[in-house]
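Below: one structure, written as structure tokens.
The values are calculated or read from the model by the stated rules, or taken from the named source; none is laboratory data. Quick caveat: nothing in here was measured; it's all calculated off a predicted structure. Cβ placement follows ideal geometry from the backbone for every residue including glycine, while neighbour counts extend to all protein chains displayed.
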Amino acid sequence: MKHTPGPWFVETNAGRFNIWGGRSREFLAADCGVTSNPWSKGNAALIAAAPEMAEALRAEEEADHLFDAADEYTHRAEGEGWLNDPTGSMHVTEAWDRARQARERAKELRRAVLSKAGG
């Protein structure tokens, strides 16, 4: 399923919060209500963060996959006796490094989403 291309932006127009999408803000993604509603601004910020939220969730999923793969690779290396081999240990270390880098990217994305969503 596709959605309005991101990033999404909140704009106030004619007393309403609108979410615009696309690099040049050419798509109306949502109308979040009147500016006099105390929840409309927060709702708009949360909805505007949706594309980045989806990207952050995908990054978390990728990091989880890489950690699982590194763990499985480590157990295999231990079981087959090549964990203490210089080349084998280098490959295991690289697998864990990739997983940690993916986790750091996911954390950065999550922080950006929370900041944009007002949380």
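Kindly indicate whether ASN13 is without any contact (Cβ under 8 Å) to a residue 60 or more places away in the chain and exposed (fewer than 13 other Cβ atoms within 10 Å of the Cβ).
Judged against the criteria, ASN13 is a match.
List every residue pair whose Cβ atoms sit under 6 Å apart, with the two residues 6 or more apart in sequence or on different chains, where the first one lies in the stretch 27-40 and is crowded, with 16+ Cβ neighbours inside 10 Å and the second, anywhere, is among the small types (Gly, Ala, Ser) and assigned to a strand (DSSP E or B).
These pairs meet every condition: ALA29/GLY21; SER40/GLY33.
Does at least one position in the stretch 10-28 carry a residue that is out of contact with any strand residue (DSSP E or B) (no Cβ under 7 Å at 6 or more places or on another chain) and of a type in the set (A, V, I, L, M)?
yes
Are any residues in the stretch 71-119 in contact (Cβ under 8 Å) with a residue 40 or more places away in the chain and farther than 30 Å from LYS41 by Cα, and if so, which ones?
Across the stretch 71-119, the qualifying residues are ALA102, ARG103.
Do we find that GLU72 is of a type in the set (D, E, K, R), modelled with pLDDT of 95 or more, in a helix (DSSP H, G or I) and outside the structural domain of GLY6 (by TED's automatic domain parsing) in this structure?
yes
Which of the residues spanning the stretch 87-109 are surrounded by 17 or more Cβ atoms within 10 Å (Cβ to Cβ), more than 12 Å from PHE67 (Cβ to Cβ) and under 16 Å from the mean Cα position of the chain (by Cα)?
The one that is surrounded by 17 or more Cβ atoms within 10 Å (Cβ to Cβ), more than 12 Å from PHE67 (Cβ to Cβ) and under 16 Å from the mean Cα position of the chain (by Cα): LEU109.
The rows are residues; the columns are (1) among the polar types (S, T, N, Q); (2) assigned to a loop (DSSP other than H, G, I, E, B); (3) outside the structural domain of ARG105 (by TED's automatic domain parsing); (4) modelled with pLDDT of 90 or more.
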| site | (1), (2), (3), (4) |
| --- | --- |
| HIS3 | no, yes, yes, no |
| ALA44 | no, no, yes, yes |
| ALA54 | no, no, no, yes |
| GLU62 | no, no, no, yes |
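Can you say whether LEU66 is in a helix (DSSP H, G or I), of a type in the set (A, V, I, L, M, F, W, C) and crowded, with 16+ Cβ neighbours inside 10 Å, as far as the supplied structure shows?
Judged against the criteria, LEU66 is a match.
Tell me whether the stretch 32-40 contains one or more residues that are of a type outside the set (Ser, Thr, Tyr), within 23 Å of ARG111 (Cβ to Cβ) and at pLDDT 90 or above.
Scanning the stretch 32-40, I find no residue that is of a type outside the set (Ser, Thr, Tyr), within 23 Å of ARG111 (Cβ to Cβ) and at pLDDT 90 or above, so the answer is no.
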